[in-house]
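Before we start, here is the structure in question, set down as structure tokens.
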Amino acid sequence: MFEKIIGNEPIKEMLKTAIQNKTISHSYLFVGIRGIGKKLLAQEFAKQILCLEQNQNCRCKSCIEFESQNHPDYMVIEPDGNSIKIEQIRFLQKKIQEKPIIASKKVYIVNEAEKMTTEAQNCLLKTLEEPPEFATILLIGTQENLFLPTIKSRCMILKFMAIEDEKIKQYLQENYGVTDVPQNRLKLFQGSIGKAINLKDKQDDYDKIETLVENLSKKNLLEIVQLAENLYKAKEEILEIMTEGEDE
């Protein structure tokens, strides 16, 4: 359980224990930087909650339906544009009251949950205060301060830590054959597996940017102006390189 997800061992052990002891909370808040496995872990946790047999490599009806992304007792809500709107939460509230069809539980994931509007958060609060006994809600976010205190008070908050550099290097080597990761590149990853994956194919672009910046002090005023113009033209690509990292 959770073997393929790197890092945050204490959280994984806590969730394993909750499943084994049948002490699963009605609501969790997974919070931490992008790309450190929050969503992946939430999905695997959901699968285990819904599993009918709790066996390793289980092929029960629930697990098969989950893997085919066709499980009637499971739903993931994503932002609609730049926010999660109250209509989306109202739909969740309607569906969550329906009894499970395959499993004995129902699980709802709200990804990038800090993008809920204030109205949506207040609407969700009603469900968090009186959830159906068979339901578990998993909120995933990057900025804990964007959640209403009333929301946080109703959730078990699990704070994900950045992945260690050595684990990122090992992951890139084993999965992508990347064997040489400079220390300055590791700093750029900021402990995010997602960012490391996205940046691995853009090493040449980053090297060019790094070389330009390092050589600024060696250039005259005219060369610096020309360099600034080139950097400005490439600003969108540079920003993408510096900030990428899917929330996995």
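Could you please tell me which pairs satisfy a Cβ distance under 8 Å, a separation of 6+ or placement on different chains, a first residue in segment 8-19 that is under 15 Å from Gly32 (Cα atoms), and a second residue that is of a type in the set (A, V, I, L, M, F, W, C) and assigned to a helix (DSSP H, G or I)?
Note: pairs meeting the criteria are Asn8/Leu41; Ile11/Leu41; Lys12/Leu41.
Would you tally the residues in segment 144-183 being at pLDDT below 95, within 24 Å of Glu13 (Cα to Cα) and aliphatic (A, V, I, L, M)?
Of the residues in that region, 4 qualify.
Regarding Lys152, is this residue outside any loop (DSSP other than H, G, I, E, B), of a type in the set (D, E, K, R), in the same structural domain as Phe45 (by TED's automatic domain parsing) and in contact (Cβ under 8 Å) with a residue 60 or more places away in the chain?
Yes.
Just to be sure before I move on: is Lys126 farther than 19 Å from Phe160 by Cβ and surrounded by fewer than 15 Cβ atoms within 10 Å (Cβ to Cβ) in the structure I sent?
The answer is yes for Lys126.
On the given criteria, is Leu186 modelled with pLDDT of 95 or more, out of contact with any Leu (no Cβ under 6 Å at 6 or more places or on another chain) and within 28 Å of Glu9 (Cα to Cα)?
On the way: modelled with pLDDT of 95 or more: no; out of contact with any Leu (no Cβ under 6 Å at 6 or more places or on another chain): yes; within 28 Å of Glu9 (Cα to Cα): yes.
Judged against the criteria, Leu186 is not a match.
So, one more: Conditions: (1) under 30 Å from Asn145 (Cα atoms); (2) touching a residue at least 40 places away in the same chain (Cβ under 8 Å); (3) not aromatic (Phe, Trp, Tyr). Cys51 meets all but one. Number of the miss?
So Cys51 meets the others, but not (1).
Within the set of pairs 6+ apart or on separate chains, which have a first residue in segment 170-183 that is in contact (Cβ under 8 Å) with a residue 60 or more places away in the chain, a second that is in a helix (DSSP H, G or I) and not charged (D, E, K, R), and C-beta atoms under 8 Å apart?
Taking only residues 6 or more apart or on different chains, the pairs are Tyr171/Ile193; Tyr171/Ala196.
Can you pull out the residues in segment 8-19 that are in a helix (DSSP H, G or I) and in contact with a helix residue (DSSP H, G or I) (Cβ under 9 Å, 6 or more places away or on another chain)? Please lay out each step first, then the result.
Kept after step one, since they are in a helix (DSSP H, G or I), are these residues of segment 8-19: 9-19.
If the condition is that a residue be in a helix (DSSP H, G or I) and in contact with a helix residue (DSSP H, G or I) (Cβ under 9 Å, 6 or more places away or on another chain), then Ile11, Lys12, Leu15, Lys16, Ala18, Ile19 are the ones that fit.
Can you go through Phe45, Phe2 and tell me which one is outside the structural domain of Lys94 (by TED's automatic domain parsing) and crowded, with 18+ Cβ neighbours inside 10 Å?
Answer to the selection: Phe2.
Scan segment 11-26 and give yes if some residue there is of a type outside the set (Gly, Ala, Ser), farther than 26 Å from Ala196 by Cβ and either in contact with a strand residue (DSSP E or B) (Cβ under 9 Å, 6 or more places away or on another chain) or buried (at least 17 other Cβ atoms within 10 Å of the Cβ) (or both), otherwise no.
yes
The values are calculated or read from the model by the stated rules, or taken from the named source; none is laboratory data. Every value quoted in this text rests on a predicted model; they were computed, and no experiment measured them. Glycine also receives a Cβ, built like all others from the backbone with ideal geometry; neighbour counts cover every protein chain displayed.
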